[in-house]
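K.L.:
Quick one: the structure is below, questions incoming.
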Amino acid sequence: MNEGGHLADRLHGSWFKIGWVMIGLASFAYIISSFIGWGSESEDWIGRASSFCEMARSGIMREPVNTLSNLAYIVVGMIFLHAADRMPKSGPNPFSRRGLAAPTYGMTSVLLGIGSFAMHGTSTQISGMLDWSGMLLWISFPVFYNLSRWLGWNENRMIATFLITVTLLLLIDLAFDSADFSDLGAIDSQPAATVGLGALYRHILWSSAIGMLIIFELGLHTAERFTNHGVRIALVGSAPSLLLVLSAGPIPVLLIIVQCLTFFTAAAILCNSPTPYFRRSPTPWLPVGVGAFIIGLIIWQFGLEGTTRCNPETFFQYHAGWHLLTALTVFSLGRYFQTEIELIDESE
């Protein structure tokens, strides 16, 4: 048995407890930091609309509604960690049997919630980095999971590649400015030239991960439906490109073109490579997750400070809706991965 298998066996039955430890440590750090104080950068927001619309307040949470809505990610993550403790040693796919895939996915969801909770709760620069780290961890994992399934990697290699890559990307992020995603609102009237390099870098990583996830899934589900490679490549490459164009906001046109070309190149490589011997059932979880994400993207724009629909004083905050809808996406995507069944290679 490899080291990954030994680790999974040792931790089996403890994943849910590990999740609670993560939550406990994060809660302790949050409470202690609130007593110490979050500094002038946080206090300056009090009485003003935050970047994501809600009025920043004094007390233990700057944006109470936007902050508490992140508990949805944590609940979803804990559901997967609880399920991981009860998975059998054998199963039809890595998300349904004892191993590292399902609990790692659950932990990325917990970290996503913790990071975003910290950002909306404290309004500090370091919490913004925690928020982005959680976002990148979660959105990257399905990409590396799909890559590992397509290339036949074992869990050891997949987890190691995932963690090393995300760590390097986050270290590179430190070299840029700390601009957040609110700078990229499509409704924002600012010119593209004023968007900071940090925001552009994060946009590239976020949109590229989403694009690759779309390419993997369309590549899988079109493998037996299209015999014409050209048509299949056009379809697989067009979907992420269209989403990118519609949600790009004040992004330089040249960057959009380069990303679209990258998507079509990835689609061509994928469609001309051997199709992996597994299938996933798209219904009901894939359309539920995709639908929730698309609706979330739409209302995310409404939840930016300065937009006509922004009301800082109301309990109903669009950005909180984004959190709840994307938490449903996180849950649905994990359940969708559990529908996978491995097929018999007829050439053997």
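The values are calculated or read from the model by the stated rules, or taken from the named source; none is laboratory data. What you see is a predicted model, and the numbers here were worked out from it, not measured in a lab. Cβ atoms come from the backbone with ideal geometry, glycine included; neighbour counts cover every protein chain shown.
K.L.:
Could you tell me whether any residue of segment 247-260 is assigned to a helix (DSSP H, G or I), within 22 Å of L197 (Cα to Cα) and within 19 Å of the chain's Cα centre (by Cα)?
P.N.:
In the first step, residues of segment 247-260 are kept if they are assigned to a helix (DSSP H, G or I); the result is 247, 253-260.
With within 22 Å of L197 (Cα to Cα) added as a condition, the list becomes 247, 253-260.
Subset that is within 19 Å of the chain's Cα centre (by Cα): 247, 259.
Scanning segment 247-260, I find at least one residue that is assigned to a helix (DSSP H, G or I), within 22 Å of L197 (Cα to Cα) and within 19 Å of the chain's Cα centre (by Cα), so the answer is yes.
K.L.:
Check whether at least one residue in segment 45-53 is among the basic types (K, R) and part of a helix (DSSP H, G or I), and report yes or no.
P.N.:
no
K.L.:
Quick check on segment 284-301. Is at least one of its residues outside any helix (DSSP H, G or I) and modelled with pLDDT under 95? Walk me through it before giving the result.
P.N.:
The initial filter retains those residues of segment 284-301 that are outside any helix (DSSP H, G or I), namely 284.
Narrowing further to those that are modelled with pLDDT under 95: none.
Within segment 284-301 (the criterion being outside any helix (DSSP H, G or I) and modelled with pLDDT under 95), the answer is no, since none of the residues qualifies.
K.L.:
Moving on. Test A248 against the stated conditions and say whether it is among the small types (G, A, S) and under 18 Å from V143 (Cβ atoms).
P.N.:
When the stated conditions are applied, A248 does not pass them.
K.L.:
Going by the structure shown, is A84 farther than 19 Å from S332 by Cβ and among the hydrophobic types (A, V, I, L, M, F, W, C)? Step through it out loud before you land on a result.
P.N.:
Numbers: farther than 19 Å from S332 by Cβ: no; among the hydrophobic types (A, V, I, L, M, F, W, C): yes.
For A84, the condition - farther than 19 Å from S332 by Cβ and among the hydrophobic types (A, V, I, L, M, F, W, C) - is not met.
K.L.:
Go through R98, R62 for me and flag whichever is more than 25 Å from I31 (Cα to Cα), among the charged types (D, E, K, R), touching a residue at least 24 places away in the same chain (Cβ under 8 Å) and outside any helix (DSSP H, G or I).
P.N.:
R98
K.L.:
Pull out all pairs, ordered by first then second residue, where Cβ-Cβ is under 6 Å, the residues are six or more apart or on different chains, the first lies in segment 245-257 and is under 13 Å from S208 (Cα atoms) and hydrophobic (A, V, I, L, M, F, W, C), and the second is at pLDDT below 90 and surrounded by 14 or more Cβ atoms within 10 Å (Cβ to Cβ).
P.N.:
Going by the 6 Å Cβ cut-off, the qualifying pairs are I256/A248.
Here is a yes/no grid of residues against (1) in contact with a helix residue (DSSP H, G or I) (Cβ under 6 Å, 6 or more places away or on another chain); (2) buried (at least 16 other Cβ atoms within 10 Å of the Cβ):
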{"site": "F216", "(1), (2)": "yes, yes"}
{"site": "G230", "(1), (2)": "no, no"}
{"site": "L235", "(1), (2)": "no, yes"}
{"site": "L243", "(1), (2)": "no, yes"}
{"site": "L246", "(1), (2)": "no, no"}
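K.L.:
Sort out which residues of segment 70-84 are out of contact with any Ser or Thr (no Cβ under 7 Å at 6 or more places or on another chain) and either over 12 Å from H120 (Cβ atoms) or buried (at least 24 other Cβ atoms within 10 Å of the Cβ) (or both), and write them in order of number.
P.N.:
A72, I74, V75, M78, I79, L81, H82, A83, A84, listed by residue number.
K.L.:
Is it true that S58 is at pLDDT below 95 and farther than 21 Å from L324 by Cβ? Give the steps one after another, and end with the answer.
P.N.:
On the way: at pLDDT below 95: yes; farther than 21 Å from L324 by Cβ: yes.
Against the criterion (at pLDDT below 95 and farther than 21 Å from L324 by Cβ), S58 qualifies.
K.L.:
(1) over 20 Å from S14 (Cα atoms); (2) loosely packed, with under 15 Cβ neighbours inside 10 Å; (3) polar (S, T, N, Q): which one isn't true of S90, the others all being true?
P.N.:
Status for S90: all satisfied but (1).
K.L.:
Does segment 81-95 contain any residue that is more than 21 Å from F144 (Cβ to Cβ), of a type in the set (S, T, N, Q), part of a loop (DSSP other than H, G, I, E, B) and at pLDDT 95 or above?
P.N.:
no
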